[in-house]
Ligand code: NAI
């Protein structure tokens, strides 16, 4: 061989089977970088010259096969030409793998994603380890692109267009057995039999998997023009083409070229090169890195928590307890009486069933969640999470009562959404152990948790709380203990402006539609109804007094009439079966031209204020926090990134114009001058 590979290691066994191990030397996860592909090609050249009986490609990492292409190569991407050259190199490597004159097999364990699965698809066979850690998928759309190393071409021909498109358009991942059912993998076998199964397949190679007749037909040139619009319509329900072009481009490439493999490969590469240099993919790749950064924050300490004790089994505490039990922790749940714990246990049962499916795992999670209305287990807890009424005196009294019973090294976390930690901590003997752990509602859905750093909170407690947050598969965002912390504070002015518009007579449906068209997952009026108008009013009241926000009377009126939103069946909308009934607005009724600006500019202004005050340590954390806690248009990269796109000075001027017209709530924050 004319190169000396470091990341790949080739061994030939007594029966002439080549075992090619991928173990990237400079990282804990296998990813396909330029250098990795270069080494791979050198090995292919060697194998072409001295063909073995068969080739098994496998990973030397415990966590998985290959996680995908090295995303670092995409950020920043210098030019479309460079992107295309990189993609073409990958395509050529996998084409050569596919053309080898002996049988080839990918032996998969752990994750096998994106470029990793594309490599596996270029093999004749795939077998996967049959356990919980195995996940296969083509999640490229989540980064604003689609498969580019020939994966879309191979996938549609292996599975048929509908199954392949479902995999690529949703970006979902499959367990080993699901992958076998779909035809993506030939066999799912237990770990101990993996090598033997691989070997016997290569020594007696069966015919490679073929799609069924109907599945093949879906690629027929007469059917494609009929199926493509159906696929696009399905995508449209989740993503607009101007916001997320990748799925639409993928359908186009397939529709036009599925008959001609070479042209489809070229079109696939050209399409990915254009997408990756576009703003959506660049923003999504940035968000991916920022998410990694949040995960990295948790690595400053090891998670020491095994036993979680939650006090308060209401909306939040009950769901936090269930989530922790689902994540494998022993959880004890305390409230004032068993009756108050019962509804939380009912919700937990539903969550376990939905997420874990297999009965013995549901039972195991159920065994981990222990009702403890008298708080008998509090002495054993590594972390106590308090989620009782939002009342300073009530919380202080509880802290006084429980502190003597806590283990000396136990963390004390509060889920308060508004009370500064500095006001709660003085009643403690050890105020440094108190930290905020601010979950969002619904707990099982919202990935971000604000880790609130009171002035008295110790650094070690911050680090341990962040490590625990990761251990329950949530993203920790450190914030200061200031009113509303980050997320509610930035969101509230936007919500209140939407309520002001509604009060002025603009139909709620039009307000919500404008926000969704901007890229928010749900409009602000529907969001207010979903969160609960009482909760909104409470947070608005606190922020109102701290930041001088005006709370619209309409919100107070609705709450005093008992119209609390989805939970009471009516709020701004009437709710039926958990969904808002949205009246069709009069066709002549138009949204005022500046309505969207009024809402968004207030959000941007508050984001600038939080940055100036150091609520989070930098702009990137602010952006990623708003994306993962509120779903702020990820393809725009977060509020501050979006301001940069609009132009900071232009945005400030727009605020000044709105302030002249509508009053001082729009006055640009001093942060704009920094
Ligand atoms: P909730 O009213 O649904 O539940 C509170 C529970 O605490 C009740 O079951 C009550 O019996 C129990 N409780 C009160 N005093 C207690 C005591 N001394 N000992 C044991 N149990 C006691 O309240 P929710 O909405 O779950 O809020 C809890 C905390 O979470 C509050 O601090 C709130 O600000 C915060 N939060 C609420 C969010 C929401 O959307 N509801 C979102 C984020 C934070």
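The values are calculated or read from the model by the stated rules, or taken from the named source; none is laboratory data. Since we're looking at a predicted model, the values are computed, not measured. Heads up, the Cβs are rebuilt from the backbone with ideal geometry, glycines too, and the neighbour counts pull from every protein chain shown.
Scanning the range 543-568 for residues that are out of contact with any helix residue (DSSP H, G or I) (no Cβ under 8 Å at 6 or more places or on another chain) and over 17 Å from residue 609 (Cα atoms) returns 557, 560, 561, 567, 568.
Of the residues 79, 75, which is over 23 Å from the mean Cα position of the chain (by Cα), assigned by TED's automatic domain parsing to the domain that holds residue 18 and either on the phi < 0 side of the Ramachandran plot or modelled with pLDDT under 95 (or both)?
Details: 75 fails: over 23 Å from the mean Cα position of the chain (by Cα).
Within the list 79, 75, the selection yields 79.
Sort through 325, 267 and tell me the only one that's modelled with pLDDT of 95 or more, under 18 Å from residue 144 (Cβ atoms) and outside the structural domain of residue 642 (by TED's automatic domain parsing).
267
Only one of the listed residues (550, 556) is exposed (fewer than 15 other Cβ atoms within 10 Å of the Cβ) and in contact (Cβ under 8 Å) with a residue 60 or more places away in the chain. That residue is 550. The residue that is surrounded by the most Cβ atoms within 10 Å (Cβ to Cβ), counting only those in the range 401-445 that are within 11 Å of the ligand (Cβ to nearest atom) and assigned to a helix (DSSP H, G or I), is 424.
For the range 295-319, the tally of residues that are away from the ligand (no atom under 16 Å from the Cβ) and on the phi > 0 side of the Ramachandran plot stands at 0. Take the conditions (1) within 14 Å of residue 308 (Cα to Cα); (2) surrounded by fewer than 17 Cβ atoms within 10 Å (Cβ to Cβ); (3) touching a helix residue (DSSP H, G or I) at 6+ places or on another chain (Cβ under 8 Å); residue 380 misses just one of them, which is (3).
Which is within 25 Å of residue 459 (Cβ to Cβ), in the same structural domain as residue 474 (by TED's automatic domain parsing) and out of contact with any helix residue (DSSP H, G or I) (no Cβ under 6 Å at 6 or more places or on another chain), of 401, 409? So the residue among 401, 409 that is within 25 Å of residue 459 (Cβ to Cβ), in the same structural domain as residue 474 (by TED's automatic domain parsing) and out of contact with any helix residue (DSSP H, G or I) (no Cβ under 6 Å at 6 or more places or on another chain) is 409.
Answer yes or no: is there a residue in the range 345-353 that is in contact (Cβ under 8 Å) with a residue 24 or more places away in the chain and either within 10 Å of the ligand (Cβ to nearest atom) or over 25 Å from the mean Cα position of the chain (by Cα) (or both). There is at least one residue in the range 345-353 that is in contact (Cβ under 8 Å) with a residue 24 or more places away in the chain and either within 10 Å of the ligand (Cβ to nearest atom) or over 25 Å from the mean Cα position of the chain (by Cα) (or both). Assess whether residue 519 counts as being more than 16 Å from the ligand (Cβ to nearest atom) and under 16 Å from residue 633 (Cβ atoms). Yes: the conditions hold for residue 519. Would you pick out the residues in the range 219-235 that are under 27 Å from the mean Cα position of the chain (by Cα) and either surrounded by 13 or more Cβ atoms within 10 Å (Cβ to Cβ) or on the phi > 0 side of the Ramachandran plot (or both)? Selection gives 231, 232, 234, 235.
Just for helices (runs of 4 or more DSSP H) wholly inside the range 576-674: which have at least 3 residues that are under 16 Å from residue 514 (Cβ atoms) and in the same structural domain as residue 522 (by TED's automatic domain parsing)? Full working, then the answer.
On the way: elements: 595-613, 619-630, 639-646, 648-662.
So the answer is 595-613.
Those residues that are farther than 10 Å from residue 412 by Cβ, in contact with a strand residue (DSSP E or B) (Cβ under 7 Å, 6 or more places away or on another chain) and part of a helix (DSSP H, G or I), I need them from the range 446-464; list them, please. Within the range 446-464, 462, 464 meet the criteria. Please find, among 369, 356, 333, the residue that is at pLDDT below 95 and in contact with a helix residue (DSSP H, G or I) (Cβ under 6 Å, 6 or more places away or on another chain). Residue meeting the stated conditions: 356. Can you name every residue in the range 119-177 that is more than 21 Å from residue 267 (Cβ to Cβ) and part of a loop (DSSP other than H, G, I, E, B)? If the condition is that a residue be more than 21 Å from residue 267 (Cβ to Cβ) and part of a loop (DSSP other than H, G, I, E, B), then 123, 124, 130, 131, 132, 133, 134, 172, 175 are the ones that fit.
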